[in-house]
């Protein structure tokens, strides 16, 4: 697949940092279709299982991330969380192969995932609890769960200048295992049929990742760019056969 993307960049007015944003992805119509035909990320499509991308558990970014999730889990009730009894008895986190920690897997998926047929509804127990409480799901969920398919990568040069890139999540970001599962989320057309752009639908996530002032600068840069030229469409959309 032709994987060309267009980018927009600008220097941070407050820090010794340059921001680079994946404009092609941010202006795409990507949307999560969990519960709406998502085939999951295992080898064979299984939308009826409603497991989505939760097959391998959620990897915590650091100790603070794990502690925040543990606190959110403590407030869940059995009516909200299908595996509350097991999770409270054995704990929700385990050490991951290769280091780090992740949520425990149970019956082929994250222990926080309510399965199809659960009276409280299928899906992440933390996500659902946040919506019921009128909160944004990213307040309760592991960082990786609310960021994907966005990813921020920071690098520092020999002079201490930081370059921060915000882009779509690639297979390589999962490490060696990234080639072993069906990372359909940014590779299949059905995920690019949303009503609005990622820049709009994931505004809160972007603000959490880069800060509101930088997000406002991004909006200004996008407006200026789009007023004079058309941005290259996402590779998945460009590869669709035309009628």
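Values in this text are rule-based calculations from the coordinates and carry no lab data. Because the structure is a prediction, the values reported are computed rather than measured. Methodologically, a virtual Cβ is constructed for each residue, glycine included, from the backbone with ideal geometry; neighbour enumeration extends over all protein chains shown.
For the chain, find the longest principal axis of its Cα atoms and tell me its angle to the long axis of helix 63-74, 0 to 90°, nearest 10.
Between helix and principal axis, roughly 50 degrees.
Label segment 54-147 by shape, choosing from rounded, prolate and oblate, from the square roots a ≥ b ≥ c of the eigenvalues of the Cα gyration tensor; if a/c is under 1.5 it is rounded, and otherwise prolate applies when a/b is larger than b/c, oblate when it is not.
oblate
Over the chain, consider all pairs of different Cα atoms and compute the Kirkwood hydrodynamic radius from their mean reciprocal separation; express it in Å, one decimal.
The answer is 19.4 Å.
What's the ranking of 168-174, 227-233 by average number of surrounding C-beta atoms within 10 Å, highest first?
Order by mean packing, descending: 168-174, 227-233.
Rounded to the nearest 10 degrees, what's the angle between the helix 212-226 long axis and the longest principal axis of the chain, both from Cα atoms, 0 to 90?
50
Taking only C-alpha pairs under 8 Å that are 6+ residues apart, what is the relative contact order of the chain in percent?
Relative contact order for the chain comes out at 27 percent.
Nearest-5 percent of antiparallel DSSP beta bridges in the chain?
Antiparallel bridges: around 80 percent, rounded to the nearest 5.
Would you calculate the separation in nanometres between label points at residue 18 and residue 156, each defined as 7 Å from the Cα along the Cα-to-beta-carbon direction?
1.8
Per DSSP helix of 4 or more residues, -39500 (n - 2.57); summed, then divided by the residues of the chain. What does that give at 222 nm, rounded to the nearest 500?
Dividing the helical sum by the residues of the chain leaves -7000 deg cm²/dmol.
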